[in-house]
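First up is the structure itself, then whatever we jot down about it.
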Amino acid sequence: MATSSLPLLSLFLFVTLLHTTSGTTSTGSGACATTPDTGSTLRIIHAFGPCSPLRPAVPFPSWADFLTDQTERDTTRLLFLNSLASTGTGKSFVPVASGKQLLQIPNYIVRGRLGTPAQNLLLAFDTSNDAAWIPCNGCTGCPGGSPWFNPATSTSYHPVPCGSYQCNQVPNPTCYPRAKSCSFNFSYTASSFEAGLGQDSLSLASDTVSSYTFGCLQKVVGNSIPPQGLLGLGRGPLSFLTQTKAIYGSTFSYCLPSFKSLNFSGTLRLGTNGQPKRIKTTPLLMNPHRSSLYYVNMTGIKVGRRTIAIPPSSLAFDPATGAGTVIDSGTMFTQLVRPAYEAMRDEFRRQVKAPVTSLGGFDTCYNGPVTIPAITLLFDGMQVTLPEDNVIIHSTYGTLSCLAMAAAPEGMNAVLNVIANMQQQNHRILFDVPNSRVGFARELCT
């Protein structure tokens, strides 16, 4: 077991603790039994999958309702990512967007344990986030339905003192004379949060990070936070990667299963061991204003054999404005700036040659069987050809199929192209920060 004592880094992480057994997710069926986590590899499940304990208590009435809900979530997510991409030189903390089940809307979860004795938790991991906040026992306004972390029962928990490095990194730090410990608060639109800064042992698979720094939520006012944890895998100075650099060397990869997957069939692999040796890669780009985002240089898009004409400004990387392309695990459907999306969509429609309808936020849908052209994303040094399952989303009964990509909503000054998790499913995505590269390799994990 690897152990690291890393006292600096304040990563704020939203986490809801679930006292469940680590090997099984209950749905009333043995089909949900899952392989345990081992070594530095964690199993992954989609938050809304059939066996996820975080799936909505009331099922969506229809497939159309599900898609409408997801596109609304992606719209809010895009607002969040564009707020990160805009210029700024402040401390690396995460703005909180308002909206239903909002906080950055991560869609995939892994299992973890916090404290001594360990309290089981579920973490939604997010490549565009450095945050670590945990709903703690007694929190006012935190989401119900799951036990919260109780620092009083953990012998390894301790508050972070005033004047410490960590306290100086959080937004709006406050020190109360009696408590002599660091607190902070943060507001965004209609929501505000208050938390105390603490440290405890965080265990993932077989590894333990001692003195892991997080915000222990005490009060939430406004829209509720989602009932799940958040493992921020961004590359900012306060991220999980920084806190665990001595263990994992700022390297990780994942394979995302379909949201229909019944169990934790995907994997999040932390560290350099076990990573693919032969994999197509493209350079990571650095935005000094928003160092957490994983920027890459997308140079074009092919539909079938045709490379479509896209205005260069729609793909260009520009640190001054935050424009460019990012790889993101928390958005469900790829979002392109409008000129890029419309050029791709129009060529896609031209090659399909069938009557077009729409559904929710999707404007290119077809009734009945159609022949789908391949879509290839072109990057510096790498091409990724997406299989049909990464391009089209089908209705429950297979009668309606939609192009699973969208343009930024009208009226939004979006500058980012976001390669989202549906387009990443059943691929091994490698994030090799020391060597400044990201890689794609086909891998079935559903």
Exercise. List the residues whose amide H sits under 5 Å from the amide H of residue 130, counting only those 5 or more places along or on another chain, with H placed 1.01 Å from N in the peptide plane.
Key: 234
Quiz prompt | Sequence-distant residues sharing a close amide H with residue 298 (under 5 Å, placed H) | solution = 325
Quiz prompt | Greater than 29 Å apart at Cα, pairs in 245/302; 280/302; 245/280; 277/302 | solution = 245/302
Self-check item: Ranked packing of 383-390, 311-318, most packed first, by mean Cβ within 10 Å
Solution: 383-390, 311-318
Self-check item: Top positive-direction residue, dipole computed over segment 293-402 with Cβ charges, set 400, 312, 337
Solution: 400
Practice problem: Kindly rank 196-205, 160-169, 176-185 from highest to lowest mean number of other beta carbons found within 10 Å of each residue. | Solution: 196-205, 160-169, 176-185
Exercise. Pick out, in residue order, every one of the trypsin sites (Lys or Arg not before Pro) in segment 317-381 that is DSSP loop and has at most 12 other C-beta atoms within 10 Å; say none if there are none.
Key: 353
Exercise. Excluding residues on the same chain fewer than 8 positions from residue 180, give the aspartates and glutamates whose Cα lies under 17 Å from its Cα.
Key: 194
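Bear in mind that the values in this text are calculations on the coordinates, not laboratory data. Just so it is clear, the structure is predicted and the values come from calculations on it, not from any experiment. Cβ sites come from the backbone with ideal geometry, for glycine too, and all protein chains shown count toward neighbours.
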